[in-house]
Amino acid sequence: MEVKNKKINKIFFFSLISIISIVVIINIFNNYDIKFQKEKWFTTDKTTKYRMSMNLKNRNFLINKNKKEIFMLLGEPNNKNNNTYEYKINQPLGFKDTLTIIFENNKVNKVNISD
């Protein structure tokens with residue numbers, strides 16, 4: 001009986017370590033951003049766009065730019081209304097897929113990355 005419990009404890013321990021390792025690796029991978037490059041934005045895959053979007057957001061690069069400047073940098077949004085531009089991007093695991101740019105008085109006021 002004691003040998004069986006030790007075996008179960010070893011399996012549990014190694015399983016727990018494996019799960020923690022995977023979570024840490026995913027977290028590092030998902031938070032890695034890539035410096036925004038206008039030329040690459042138009043030719044790259046959506047996962048790379050996600051990482052560039054993180055860079056834009058983290059550096060507040062888009063804040064106070066007007067709609068024309070955003071259009072020149074990122075192109076035509078997938079969805080837009082008077083105060084919002086939305087660009088489709090993909091987080092590596094597919095959880096977040098939209099870069100949302102919110103305008104106030106024709107200037108970028110806020111940048112979100114969401115589902």
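The values are calculated or read from the model by the stated rules, or taken from the named source; none is laboratory data. Because the structure is a prediction, the values reported are computed rather than measured. Note that each Cβ is placed from the backbone with ideal geometry, even for glycine, and that neighbours are counted across all protein chains shown.
List of remarks:
- Subset of the range 61-77 [of a type in the set (A, V, I, L, M, F, W, C) and in a loop (DSSP other than H, G, I, E, B)]: 61, 62, 63
- Of the numbered criteria (1) farther than 14 Å from residue 102 by Cα; (2) modelled with pLDDT of 90 or more; (3) crowded, with 16+ Cβ neighbours inside 10 Å, the one residue 62 fails is (1).
- A Cβ distance below 6 Å, combined with a sequence gap of six or more or placement on separate chains, defines the contacts here; from the range 34-56, residues that are without any contact (Cβ under 8 Å) to a residue 60 or more places away in the chain reach residues that are surrounded by fewer than 17 Cβ atoms within 10 Å (Cβ to Cβ) and among the acidic types (Asp, Glu) in the pairs 51/33; 54/33; 55/33.
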